[in-house]
Amino acid sequence: MSAKRPTLEAQWAQLGVLLAVAPAHREVDIERVLLHTARAVSTHARLFGLAITWLVEYSGFVAKHRLRRLVIDELEPAFQPALGLILEEAIERGAQPDLRLAIDVCRPAQPPRPLFVTSQDHPALRTLAEQAASVASKRWGVWAPAADLKKDAIRPASWLLEQNPSLRGRIIRRGDLRCSILETLRHDTQGEVESESALARLNAATRVAIRKSLRALVLEGEIRYIDREGRGRGVAIAHERRSGRPEHS
């Protein structure tokens, strides 16, 4: 019987956010945590400021190309405005600008509405939400005040790396395309893909960019090519780490 999936709050706790829950005690899929947060934030208002604060501190851990592809493939249009707003507010406060790779495929809400459900069904509260809305939230059509950063609710990087050893590779690569390739192989395939073209599709990247990153990963000893008997070259993780492997979130 498979282990029970940890809650979203437990996954954020595993990533160093101080919440009144125990951490997941397993490494989590950061990009899907962000997607789940976009789905949940309208009923969990505290996650709004916490997610933005975490991104300001640790956007280097996010695999940006993979996040972009997951938004395209998995995030329902109704929740894209919330994710776009979270990412944009994070960039405005100092997160890595290349989070825009994912912002660019998010679409604003039409018609506009309050972000939080507590204000959506009451006319007076809707009016107050619009009046208090930040400029960014009005652009995204999900009215919310500018987030208050909560840096005292985020653990230091040393704690994150101790609890989540695989994050070390993410931060070394600063969430670049090499990072997305490795995380895609770990989370979205069985550790290998049939071709460079398939890997390009899974990362919403060009084959030229994929090939350049693969050359670097081969030199780093992270991936290897597979002889597929005349059917082109596949790609696989060179040394899959069995312990601490994250599950789909």
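What follows is calculated from the coordinates using simple rules that are stated; it is not laboratory data. All of these numbers come straight from a predicted model, not from anything done at the bench. Cβ coordinates were reconstructed from backbone atoms using ideal geometry, including for glycine residues, and neighbour counts include every protein chain displayed.
Let me know the shape class of the stretch 44-191, please: from the alpha-carbon gyration tensor, a ≥ b ≥ c as square roots of the eigenvalues, rounded when a/c is under 1.5, otherwise prolate if a/b is greater than b/c, or oblate. It is prolate, given that a/c is not under 1.5 and a/b is the larger ratio. Of all aspartates and glutamates in the structure, the ones whose alpha carbon falls short of 14 Å from that of residue 151, not counting any fewer than 8 places away in one chain, are 57. Our coupling estimate for the stretch 212-222, obtained by passing each phi through the Karplus curve with A = 6.51, B = -1.76, C = 1.60 and θ = phi - 60°, is 4, 5, 5, 4, 5, 5, 4, 5, 7, x, 8 Hz, Gly and Pro reported as x. Think of the chain as a dipole: +1 on every Lys or Arg Cβ, -1 on every Asp or Glu Cβ, centred on the Cα centre; then among 182, 58, 119, 182 lies furthest on the positive end. Binning the C-alpha pair distances of the stretch 172-237 at 5 Å intervals from 0 yields a P(r) profile of 4, 19, 33, 29, 13, 2, 1, 0 %, listed from the shortest bin outward.
Sequence neighbours fewer than 8 away in the same chain don't count; with that in mind, list the aspartates and glutamates whose C-alpha is under 17 Å from residue 4. Within reach: 27, 29, 247. Modelled label positions at residue 212 and residue 46, each set 7 Å beyond Cα in the direction of Cβ, lie 4.4 nm from each other.
Counting only DSSP H runs of at least 4 residues, each contributing -39500 (n - 2.57), and dividing by the residue count of the chain, the helix-based mean residue ellipticity at 222 nm comes to -13500 deg cm²/dmol.
With the simple spin-label model, which puts each label point 7 Å out from Cα in the Cβ direction, the residue 138 to residue 192 separation comes to 5.5 nm.
Taking a straight Cα-Cα cut-off under 16 Å and skipping sequence neighbours fewer than 8 places away in the same chain, no lysines fall within cross-link reach of residue 150. The slack in the chain from residue 150 to residue 4, taken as 0.36 nm per residue of separation less the alpha-carbon distance, amounts to 49.6 nm. Amide H contacts for residue 226 (H built 1.01 Å from N in the peptide plane; partners 5 or more residues away or on another chain; cut-off under 5 Å): 234, 235, 236. Considering only beta bridges that DSSP places wholly inside the chain, some 80 percent are antiparallel.
Once R0 is set to 35 Å, what does the formula 1/(1 + (r/R0)^6) return for the Cβ-Cβ distance between residue 72 and residue 224, expressed as a FRET efficiency to the nearest 0.05? Can you show the working numbers first?
Working: r = 28 Å, r/R0 = 0.80.
Taking R0 as 35 Å, the efficiency between residue 72 and residue 224 is 0.80.
In this structure the amide hydrogen of residue 113, modeled in the peptide plane, comes within under 5 Å of the amide hydrogens of 142, 143, none closer than 5 places in sequence on its chain.
What shape does the chain have by the C-alpha gyration tensor, where a ≥ b ≥ c are the square roots of the eigenvalues, rounded means a/c under 1.5, and otherwise prolate means a/b greater than b/c and oblate the rest?
Working: a/c = 2.19, a/b = 1.67, b/c = 1.31.
In terms of gyration-tensor shape, prolate.
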